[in-house]
Structures are given as structure tokens and as C-alpha cells.
Amino acid sequence: MTDAQARAASAGFEKLSLRGVTRAYGKNPPALCDFDLELGRGDFVALLGPSGCGKSTALACLAGLQPLTRGSIWRDEERIDTRPTEQRGFGMVFQNYALFPHLSVQKNVEFGLAMRKVARRERQQRALAALRTVQLEEHAGKLPSQLSGGQQQRVAIARALAIEPEVVLMDEPLSNLDAALRIEMRTEIKRLYQERGLTVLYVTHDQEEALSLATRLVVLRKGRLEQTGTPQEVYTNPVSAYVAGFMGYRNLFPASYLESGAGREVTVSAFETSVTGTLIAGEQPVSGGEVTVAIRPEDFTIAADADKNAIKAIAEVVEFHGRELSVQARTAAGGVLHLKTDQSVVAGSNLALTARPDRVLVYQGGLDRSELDIEVGAA
Ligand code: ADP
């Protein structure tokens, strides 16, 4: 297929659809199971979840790097999962850059164009234009090893853009960069997405990255879709304690159900007090039944000591973060709580903590911490 054909093949679609996509490796349970996803033109969709939940498999299936065990993939009305990778016309960027070490930066960027039999002059021009987009034009003659990690990743992005794809697939593109570069490159990716009117599928395990880049989040759990929505929807209303754990609800602890109030308000017993929250999904629990409570550090308020419904704890570690303090506190029973506050707190002081019932999310059942590869507070 020539470049012109490849570009025509990917031009002007309205949506890409994954329908019931399943991928099993050998006899193991499927890495991805009955997965449905629609990518509208211009969407920036982040696939989010802990390591091993099937994100890369979903991307690899869409890219044509992994065959489907079941299901199908469509570009509008046309079935594309039977097409080889190079005919799908996607730009791809991976965590490990995958640059050729013996080729110059310029030749690396030209590579995809050479594969598509683009004439030499045009190839050179398009590669330089792509390098200009990522502000690396003056490094065109260097070898990848002469560039920093961030610059190498920008070369990988330029290479993906040089074929002028409408869809770019990115798999943890920033994971190998240090914190400062990660933020810089995040902005760069967002700028390119906006300027080029790209459609992006982006794999990450980093909620902050997903929240700041994506127009839509898709949270996976053991190869299945757990929740999808705008970053704001998923952040504010996680459907499960699992999703909450990913959305910055650092305080995740077991509690037992006491009674129901008006609407979905429920009272639970935790840390030797009763805490009022909101039951998120499912039937009312049975009395004494196990529930999981999720509270974000910024949703705690320091109350008066006498407040009998407050959780009592002692400030253990206090970190200064400019406008606020980040505090790790310990309850009498040994549970660890995290809070953010603009009040002054010193290590060793007694705290009484409350949170608005609508910001205390209560989920049926216990929490399998091993599923979350993030650090969460133990009760
Ligand atoms: P994630 O990207 O969320 O970390 P992956 O899609 O890479 O997850 O992996 C999902 C599951 O599939 C994991 O259990 C992983 O070990 C398994 N897996 C991934 N790729 C392969 C492969 N090529 N062969 C066998 N098992 C694989």
C-alpha cells in the first residue's frame, strides 16, 4: 500500500469501534474480555488502570499488533481488524521510544515514510516539519544517544506525526521520563492534540496524566470495562472503591454498616465512631455488613474536639506544600488517614476529622487491595 492509499484509508472517519473485543493469551483468563469502546473523531481517550488490567492489550488489538480471540474492530461501517497494522494508518508512540540507535534523528523520523514509499525529497521535508513541531529541528543530524530522554521521546512523537495520522495510539509514553519532563511533555502532547485535531487513545496507569489530558476516561479492571465518563464524572462519582482508589480517594477503609438515613445517606461504624456518608451503588447493606469507605484527603475538615461524630486521630507526619499542608494521621486503632488542610497542624497534635456526607463515598463489600497497585491508607 502506498502512502497516498494509507492516508486515504484512514481519512475522514467518524468513529472507531471496538465491539466485544477479547484477547486471551494461551489458557490464561482473557487479558481483555468483551471490551466495547467507541472513539469519536477528535476524542482523547485515556485507558486507565493498574498494571496487568489489559490496557496495552486493548491498544495492541486496535493497532493490529495482537490478533483478536473474539470480537471485531470497525472504522465507521468498515471492518478493520482483519487488516495488517500498516494499513490501519495509526501513528504509534511507546514507552521505550523504540528509536533505531544507528540512524540519525532525521532518518528515524523518515522511517515510516520510507516504508510507505514516499519520495526522498518529500520524506525529508515532512520529517523536518514533524521535528519542527516538537522543537527538535536543530537536532536532526544527531544520533538518538546524543539526546536526552525527553528529546528522544519527542523524536518518537515526531515519527508518529510524520505519517500525518488522524489517530495516534500512545502506550505509557511518559513513564520513562522524570517528573518535571513528564509534565512538560504532557503539555506538549495536549498542544499537538489540539493543534492537529488528532484522535488519541492513550494508555496510562497515572490518574493525573489521564485526568489532565483526556476528554474521556475508560477504567479497566481485570480485562473488563469498569467505568467510563468524562474526567470530571469519574473523578467525582467513581462507581466502585476500585475506581475511587485510582481517582485520588487515598482514604479507603473498611467499615460496618449501621443504618440508612434519607435518600442514599447511610451511617457506618469506623474508627470507633459513626460516620455518615452516601451509598454509591447497589442495595442497602445488611446491618453489620462490610462496606468500604472512600474519602479524598482534601474533603476532610478539622472539627472541634468535642464533635462526637468526628474521627479522632493524631497527626504523625506534616508536609508543607505551599498553599496547604499534607498530613498523615493515625487513629487510636492504628489506621492511617491522609488529609490536606490550610489550617496549621503540628506533628503530635490531636485531630478530630469530619467530612460532608456527600463526599464520604460508601461501597458495598470489602476491598481487594492487591488489585490496586497504588498505595492506599490501611485502616
Ligand atoms: P496493562 O497494559 O494494563 O499493564 P497488559 O495488557 O499488558 O496490561 O496485560 C494484561 C494481562 O495479559 C497480564 O496478565 C499480562 O501478563 C498478560 N499478557 C500481556 N501480554 C502478553 C503476552 N504477549 N503473552 C502472554 N501474556 C500476556
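Here are some notes:
- If only residues of the range 22-57 that are open to solvent by 50 Å² or more (accessible area, probe 1.4 Å) and acidic (Asp, Glu) are counted, the one that is nearest to the ligand (Cβ to nearest atom) is Asp34.
Yes or no, residue by residue, for (1) at pLDDT below 85; (2) within 28 Å of Gly263 (Cα to Cα); (3) of a type in the set (Gly, Ala, Ser):
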| position | (1), (2), (3) |
| --- | --- |
| Ile280 | no, yes, no |
| Thr292 | no, yes, no |
| Ala304 | yes, yes, yes |
| His321 | no, no, no |
| Ala332 | no, no, yes |
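- Strands (runs of 3 or more DSSP E) fully within the range 303-379 counting 2 or more residues that are open to solvent by 60 Å² or more (accessible area, probe 1.4 Å) and not aliphatic (A, V, I, L, M): 311-321, 324-331
- Output for the range 333-361, where each listed residue is closer than 18 Å to Ala304 by Cβ and acidic (Asp, Glu): Asp342
- So Leu213, is it of a type in the set (A, V, I, L, M, F, W, C) and either within 16 Å of the ligand (Cβ to nearest atom) or open to solvent by 50 Å² or more (accessible area, probe 1.4 Å) (or both): no
- Candidates are the residues of the range 175-197 that are among the aliphatic types (A, V, I, L, M) and over 28 Å from Arg123 (Cβ atoms); the one that is least open to solvent (accessible area, probe 1.4 Å) is Leu177.
- Of all the numbered requirements in (1) at pLDDT below 90; (2) closer than 19 Å to Ala60 by Cα; (3) among the basic types (Lys, Arg), Arg182 misses one, and that requirement is (2).
- First in the range 137-152 and aliphatic (A, V, I, L, M), second anywhere and part of a loop (DSSP other than H, G, I, E, B) and open to solvent by 70 Å² or more (accessible area, probe 1.4 Å), Cβ under 8 Å, 6 or more apart: Leu143/Pro101; Leu143/His102
The values are calculated or read from the model by the stated rules, or taken from the named source; none is laboratory data. Remember, it's a predicted structure, so these values are computed and weren't measured experimentally. Glycine also receives a Cβ, built like all others from the backbone with ideal geometry; neighbour counts cover every protein chain displayed. Calculation scope for accessible area: heavy atoms of the full protein, side chains included, ligands and nucleic acids excluded. Shrake-Rupley method; radii C 1.70, N 1.55, O 1.52, S 1.80 Å.
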